[in-house]
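The values are calculated or read from the model by the stated rules, or taken from the named source; none is laboratory data. Just so we're clear, the structure is a prediction, and the values are computed from it rather than from any experiment. As a convention, Cβ positions derive from the backbone with ideal geometry for all residues, glycine included, and neighbour counts pool all protein chains shown. Please note that ligands, DNA and RNA were not included when accessible areas were found on the heavy atoms of the full protein model with its side chains. Shrake-Rupley method; radii C 1.70, N 1.55, O 1.52, S 1.80 Å.
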Amino acid sequence: MAKGVYIASIQPRAGKSLAALGLMELASRRVERLGFFRPVVNGLAESDREISLMRYRYALKQDAEASSGGPYDEARVMAGSDRSDELLARILRRYKHLESQCDFVVCEGSDYTGVGAAFEFEFNARVAAHLGIPVFFVANGQDREPDEILEDVRAARRAFEREGCAIVATLVNRVAPDQLADVKERFAEKWRGKDPAYLVPEEQTLSHPSVAQVMAALDGKLMFGDEQRLQGLAREFVVAAMQLSNVLTHLRPGSVVITGGDRADVVLACLASVRSESFPNIAAIVLTGGLEPPEPVARLIRGLRRTAVPVIGVADDTFTTATKVNAVGGAIRPGDDRKIATALGLFEEHVDLPELAERIQVSHSPRVTPLRFEYELIERAKISRQHIVLPEGTDERILRAAEILLRRRVVDLTLLGDPAEIRELASTLGLHLDRALFVDPLTSDWRSDFADTYLDLRKHKGVTEHSAHDSMGDVSYFGSMMVYKGMADGMVSGAAHTTAHTIRPALEFIRTRQGVSVVSSVFLMCLRDRVLVYGDCAVNPNPNAEQLADIAISSAETAAIFGIEPRVAMLSYSTGASGDGDDVAHVREATKIARARRPDLLIEGPMQYDAAVDAGVARKKLPDSEVAGRATVFIFPDLNTGNNTYKAVQRSAGAVAIGPILQGLKKPVNDLSRGCTVPDIVNTVAVTAIQAQIPSSEP
């Protein structure tokens, strides 16, 4: 069985990065030790963009030098001489060394760098044959006829088959979206390959450089504006060397305006255009000549916190700067999470992943690493796409996470807030949220119906018609009512609201599941080689014995939902019968209640943490326990202990903490930390979607 796959492009700019990311993502979900290799690189391996990208995205342990067979220029000389066998032997030796340390290796072939196609075909075919791994073709479908694409693919296949290479699939990338259906139909008629052919449409997000890439190419510095907005796309460049009235007529969505650092009039007009409904949102302003705006102007720019686009300073003059930016491509680079998500979304939407996994023979490893666990959350959420409502639609982090989730087709989304404000902020950030639904609770046609429902549910608690209507203008109440009425499958909030504000509506009318007395929370703690469940670390300060038993049972059920075999340790400062005291007795009572209610679960307590995780300690303190030394679910006696412990493990062990995940509700509502990051939001939405996939037997 081959332990790798070789990516070979057929033309320049075919999009090998998209294919490499897609294959790496597919393999990362199934193997523990993943590797990436390039037979040759331009310049030093440390500066190779593809190697850096894969090391960034997949946290690869291999160093850059081990990821390459050598420099491109040297390879060209050796390949054209009697040293070609020496070159192939060196590449094979380095590849095999990396392969010996990995379960699977994705190998990306050489680039087109001024040499002929014949050299590329021959060189890559010989390398793939010597490495003994199957080939994944990537063809460029941009501005090309279907028959032309087909003929190129067939010619490439013949070249590789002559070398004895096996071919697993072909990906035709960058097909015009309006021609995709026609090209698919033509391929269905004429494709005669034994391997499948996948067609991927052109995506503008991948074709244009980000503002960050432009800034790096110009060796510029961010003078004003939000660093996060550097991820916006530079769709075109406008040199503002004319009068202001003429400059304004040339502005387009995503324009990067290049002007002298002393043109305060251009800078202020461009910044004002962002606020104007009559003008498009530009992506950035580049100030040339090493000049900076005078202090009064700089102070004014700094005050435009909400709408100020990135203002970048460069040392070069305007002509030199304009020349440089025209050479900046749209390659995917390390740190460009938006483009990475876009590429993966395209690959996963248009490629039959189970079929491809079978063809490249990637089998699942039983070991669960944090990276693999996070990726499997996304994969599981996509199995049955759920509708999640995000009440905080004007928070930048929420919008960035929403774009990633939509591009990867993880969930359907409703964003709450003023649609005009959301669209303006999304446009300013360069985000595409076309697939999301925007709803303003204050003006929605649903508000009256929601208020009537809330009144029926809560009038026994003193809710009046007027107060019900007011409550449904609140995004948390409105979002929770969407979930209650089945208009959304789950809700995620908390980036800008307290935990109490987020979950209070759910407690009022979504309510707890039958047999559950308390809503609680867990964190999924992703350690280096396993995932553990910690509860309750966020909601209940001092649960009584009945509530602690509830928390234990709910946490075990949550663990099972996410593929973690529940072995529950009820934690205390004493193990077994070795200690006394009210706190120990409290945990002992909770353990008895939990066991009586769920005799099918493995629950042990009271137990100290070391006895729960360390097999050696467990043999001494609880030698006959099925939980001690092997616990996967840890129930803390109170919020103080749980919250401090999860944070200590997170910081000291470098664990990824996913949560808090609320449990016990009839329908999923989850809370975010107000300090949450975009990946935190993406993970929490995926978790909520997975919870929503579990059918409920209750109305």
### Residue in the range 592-612 that is most open to solvent (accessible area, probe 1.4 Å), counting only those that are assigned to a loop (DSSP other than H, G, I, E, B) and not charged (D, E, K, R)
Pro599
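So is Leu455 surrounded by fewer than 24 Cβ atoms within 10 Å (Cβ to Cβ) and either over 33 Å from the mean Cα position of the chain (by Cα) or farther than 28 Å from Asp680 by Cβ (or both) or not?
Judged against the criteria, Leu455 is a match.
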### Task
Considering only the range 376-459, give the helices (runs of 4 or more DSSP H) lying wholly within it that have at least 3 residues that are touching a Lys or Arg at 6+ places or on another chain (Cβ under 9 Å) and closer than 29 Å to Phe279 by Cα.
396-407, 419-429
### Query
Restricting to the range 13-55, what's the tally of residues that are among the charged types (D, E, K, R), over 21 Å from Ser207 (Cα atoms), at pLDDT 85 or above and open to solvent by 10 Å² or more (accessible area, probe 1.4 Å)?
2
### Answer from Ile404, Ile398, Ile422 - the residue that is in contact (Cβ under 8 Å) with a residue 60 or more places away in the chain and open to solvent by less than 10 Å² (accessible area, probe 1.4 Å)
Ile398
### Summary
Flagged in the range 225-260 as under 22 Å from Pro296 (Cβ atoms) and touching a Ser or Thr at 6+ places or on another chain (Cβ under 6 Å), in numbering order, are Ala240, Gly260
### Query
Take the residues of the range 275-303 that are of a type in the set (Ser, Thr, Tyr) and open to solvent by less than 90 Å² (accessible area, probe 1.4 Å): which is nearest to Gly260 (Cα to Cα)?
Thr288
### Message
For a quick check of your reading of the model, give me the residue pairs whose first member lies in the range 135-150 and is within 12 Å of Lys190 (Cβ to Cβ), whose second is polar (S, T, N, Q) and open to solvent by less than 20 Å² (accessible area, probe 1.4 Å), with beta-carbon atoms closer than 6 Å and at least 6 apart or on different chains.
### Response
none
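Name every residue in the range 234-262 that is part of a loop (DSSP other than H, G, I, E, B) and open to solvent by 60 Å² or more (accessible area, probe 1.4 Å), in order of residue number.
Hits for the range 234-262 are Arg235, Ala241, Met242, Gln243, His250, Arg252, Pro253, Asp262.
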### Task
Give just the number: which of (1) in a helix (DSSP H, G or I); (2) under 23 Å from Ser673 (Cβ atoms); (3) open to solvent by 20 Å² or more (accessible area, probe 1.4 Å) does Ser480 not satisfy?
(3)
### Message
Whether any residue in the range 142-154 is over 28 Å from Phe37 (Cβ atoms), open to solvent by less than 70 Å² (accessible area, probe 1.4 Å), basic (Lys, Arg) and in a loop (DSSP other than H, G, I, E, B) is what I want to check.
### Response
yes
### Message
Quick check on my filter: what residues within the range 577-591 are open to solvent by less than 20 Å² (accessible area, probe 1.4 Å) and either at pLDDT below 90 or over 20 Å from Val533 (Cβ atoms) (or both)?
### Response
Gly579, Val584
### Message
I'd like to verify a number: residues in the range 538-553 that are among the charged types (D, E, K, R) and touching a strand residue (DSSP E or B) at 6+ places or on another chain (Cβ under 8 Å), how many?
### Response
1
